[in-house]
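S.K.: Dropping a structure here in structure tokens format, bear with me for questions.
Taken together, the values in this text are just the output of simple stated rules run on the coordinates, not laboratory data. Quantities reported herein were computed from a predicted structural model and do not represent experimental measurements. Cβ: placed from backbone, ideal geometry, glycine included. Neighbour counts: every protein chain shown.
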Amino acid sequence: MTALVEISSLRKSYWRGQSEVPVLADLDLRVERGEFVALMGPSGSGKSTLLNLIAGLDQPTEGSLRIAGHEIGSLSDRALDRWRNRSIGFVFQFYNLVPVLSAFENVEVPLLLWPISREERTGRVTAALRVVGLADRMEHRPGELSGGEQQRVAIARALVTDPLLVLADEPTGDLDERNADEVLALMRLLNRAGGKTFVMVTHDPRAAAQAGRIVRLEKGRLVDEAA
Amino acid sequence: MARATLPFAYAWRNVLARKLSTAVTLLCVAVSVMVYVVMVSTADGIERVAVSSGDPRNVVVLSTGANSAESSRLPPPSIPVIRHFPGIARDNSGEPLASVELLSAQELWRVDEAESGEGGRFTPIRGVTPSAFQVHTGSHLVAGRLPREPGEILVGRLLARELGGVGVGDSVRFAGRVHRVVGVFEARGQIFESEVWVELASLQTMLDQRDVSQVVIRAADPGRLPEWQEALSESRRVRVDVRLEPDYYADMGRGSRAFAYLGNLVGFLLGLGAIAAGMNSTYAALSGRVREMGTLRALGFGRGSVGAALLAESCLIGALGGLLGILLALFFDGFAMSLMGLAFELQVRPSSLGEGLALALAIGLVGGLLPARSAARLEIVDALRHA
Ligand SMILES: Nc1ncnc2c1ncn2[C@@H]1O[C@H](COP(=O)(O)OP(=O)(O)OP(=O)(O)O)[C@@H](O)[C@H]1O
Ligand SMILES: [Mg+2]
């Protein structure tokens, strides 16, 4: 069986005027189903860039990027939108909840693109909020929730579509230790008990310690892999 | 899928969330719509008076070449010729139905405000004989009696209202003296209701003038009015122009179309201002929500969806502003006004309200277009990096 994420000879450059700014160079990486991978490395090493490529938010300059056997580098804009909606869960450093929507409505957002009934949507949203322990906060707006609670709502939003892969860019970067631990414990539970595959960018060794595998990036290259 | 739009609640709550900028834009839209509707309603009010004025059996006899009563002068010898022109209708006592009239526009004040000397109303004064009430169908006294001596006048219902409820026993001042109101008359909403009627002889004395302005006469056989009109115009005994009375007033009402055009122009210009306000506010909304747009894109919403969401907000504010605007405009329905000596009531027609609402929606749509395009063009990665 193929790996969930298969990256080979991946290259990504930005252009500043005429000059090419290489960010990722000749990168190979495999992530198996059910893994929890932590992506570490100094600031500017290209972690977010790599995560965005895996997420289908950005297009590689060169190389192959296969997810669940599909070459996503060649998908059209519209197909990518659809693919992200179906296959990827996102957790951001600053939660990125919609402030005017309640916790329930925030979790519901990705499902609005699905051809399912309101009842089915409600069922899924409620279940996801229950998993993150916020069933009693459904009507709260993000502004009425703590940072940790907001991040748990965001995790519920990432889970509600039952994605192939959850991508988290510094999910604990904005949380205090206690809230960070709660969020990490939740992600680990979802990985161990729920079998969800996670790729998490982090600067925090304590967070990385929760992962099954740590991948290090330096100046756009993988330097080593530690189990 | 991918076509799906964000729920209405999303647009609605975002509009509510940015209270100040929403309120400012809403007000701009409302004012544009209100001004537009009020100006069109002014034109409609004038036109209604004009088209309802005149009796289809009557003709207005003016001196040759005169475009209006103001520039028309019929010398006394021509009057019996006109009054006894063959084919004229007669009343029960055999008298010809002919209203000999002298028109003059005078600045008029209520007596209690006369001292200030300013703010007189340019008011048509019509010197008439009792026949006027027979010839101008629908005109009749609703209070008081006819004038008997110099210094006694009648006021039309709209003018009385316009003067703040002047009635029998009150006095007004024009042509350098005080006149006592002895009666108030109605005329089925015709132009006469914004006039002062006095005895013809009194007005002639007052103006020191023997000529009259016009004679309005009734045809005995309305079926042959065109031939009769022609016969009178070509008469060798008097040199006159003869116009059908309804046409004569309808022409006066055409001037009101200028108001409608002015309404369109002012509505358009204010609308441009409101578009600028709306665009500004929507751009501000976007710049505060770039990361949110990036997030929605990441979650699977297409470029069109996030653009449409922003456009919906702009249109929503437009629609709300439009509703407020037409609500404000409705307060002016029936409002008594006087322009260039013509008193009339603003007439807010449903079609004007519809146009006002369409203007508001257009403002919302146009004001939201560029910000929506900017939102749709965002690159997700850049948007997510946005502070
Ligand atoms: N849109 C862009 N245009 C030009 N350069 C970019 C762009 N996005 C990223 N870069 C550059 O690519 C490099 C890697 O950026 P990236 O965000 O992936 O780093 P990172 O490892 O996530 O850093 P951090 O830990 O600070 O988040 C940086 O030097 C950055 O300046
Ligand atoms: Mg980063």
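S.K.: Can you list the lysines whose alpha carbon sits under 20 Å from that of A:LYS47, skipping same-chain ones fewer than 8 residues off?
M.R.: Candidates past the 8-residue exclusion: A:LYS12, A:LYS219.
S.K.: For the stretch B:1-133, what does the equivalent ellipsoid look like in terms of its semi-axes, each the square root of 5 times an eigenvalue of the Cα gyration tensor, given largest first in whole Å?
M.R.: Semi-axes, largest first: 58, 23, 13 Å.
S.K.: Let me ask something additional. Can you give me the orientation-averaged projected area of the convex hull built on the Cα atoms of the stretch B:250-359, in nm²?
M.R.: Average of the hull's projected areas for the stretch B:250-359 equals 8.9 nm².
S.K.: Here's something else I'd like to know. Taking 7 Å along the Cα-to-C-beta vector as the label spot, tell me the A:ARG221-B:ASN280 distance in nanometres, rounded to one decimal.
M.R.: Computed distance between label sites A:ARG221 and B:ASN280 equals 5.5 nm.
S.K.: Using the membrane-span-like helix rule (whole DSSP H runs, Cα extent along the own axis of at least 24 Å, mean Kyte-Doolittle hydropathy at least 1.0), which helices of chain B qualify?
M.R.: TM-like helix candidates: B:19-52, B:303-330.
S.K.: What do you get for GluC sites (Glu not before Pro) in the stretch B:204-256 restricted to DSSP loop and a cutoff of at most 11 other Cβ within 10 Å of the site's Cβ?
M.R.: B:GLU234
S.K.: Here's something else I'd like to know. Given N residues in the stretch B:58-218, what is its alpha carbon radius of gyration divided by 2.2 N^0.38 Å? Before the final figure, lay out the partial values.
M.R.: On the way: Rg = 15.6 Å, N = 161, 2.2 N^0.38 = 15.2 Å.
Expressed relative to 2.2 N^0.38 Å, the Cα Rg reads 1.03.
S.K.: Show the residues, 5+ positions off or on another chain, whose built amide H is closer than 5 Å to the amide H of B:GLU199.
M.R.: Placed amide hydrogens put B:VAL128 under 5 Å from B:GLU199.
S.K.: Which percent, nearest 5, of DSSP beta bridges in chain B are antiparallel? Spell out each step's value before the answer.
M.R.: Numbers: 41 of 50 bridges.
Restricted to chain B, the bridges split so that about 80 percent are antiparallel.
S.K.: Taking neighbour Cβ counts within 10 Å as the exposure measure, how do B:TYR10, A:TYR14 sort from fewest upward? Don't skip to the end; give the middle numbers.
M.R.: Details: B:TYR10 20, A:TYR14 12.
Neighbour counts put them in this order, fewest first: A:TYR14, B:TYR10.
S.K.: What share of the DSSP beta bridges in the stretch A:5-226 is antiparallel, in percent to the nearest 5?
M.R.: Working: 20 of 37 bridges.
Around 55 percent antiparallel, to the nearest 5.
S.K.: Could you list which residues have their amide H under 5 Å from that of B:ALA143, counting only those 5 or more apart in sequence or on another chain, with H placed in the peptide plane?
M.R.: Sorted by chain and number, the residues that satisfy this are B:VAL184.
S.K.: Moving to a separate point now. Pull up all non-local amide H partners of A:GLU218: gap of 5 or more, or a different chain, and H-to-H distance under 5 Å with H placed in the peptide plane.
M.R.: Excluding prolines and chain starts, which carry no amide H, the hits are A:VAL223.
S.K.: Indicate, rounded to the nearest 5 percent, the antiparallel portion of the DSSP beta bridges found entirely in the protein assembly as shown. Write down the numbers at each step before the final one.
M.R.: Working: 61 of 87 bridges.
Of all bridge pairs located within the protein assembly as shown, approximately 70 percent are antiparallel.
S.K.: Stokes-Einstein D for the protein assembly as shown at 4 °C, 1.567 mPa s, Kirkwood Rh over Cα pairs, in µm²/s?
M.R.: 42
S.K.: Here is a follow-up. What does the helix-only formula give at 222 nm for chain B: each DSSP H stretch with n ≥ 4 adding -39500 (n - 2.57), the total divided by the residues, and the result rounded to the nearest 500 deg cm²/dmol?
M.R.: Numbers: 12 runs with 191 residues, N = 387.
Per the formula, -16500 deg cm²/dmol.
S.K.: Ranked by Cβ crowding within 10 angstrom, fewest neighbours first, how are B:ASP251, A:ASP174 ordered? List each step's numbers first, then the result.
M.R.: Details: B:ASP251 13, A:ASP174 16.
Result, fewest neighbours first: B:ASP251, A:ASP174.
S.K.: Counting other C-beta atoms within 10 Å, which of B:PHE259, A:PHE90 has the fewest, and how do the rest follow? All intermediate terms of the calculation are to be shown ahead of the outcome.
M.R.: Values: B:PHE259 19, A:PHE90 24.
The order, fewest Cβ neighbours first, is B:PHE259, A:PHE90.
S.K.: Taking 8 Å as the Cα distance limit and 6 or more residues as the minimum spacing, I'd like the relative contact order of chain B as a percentage. It would help to have the intermediate numbers written out before the result.
M.R.: Details: 764 pairs, mean separation 117.4, N = 387.
Contact order relative to length: 30 percent.
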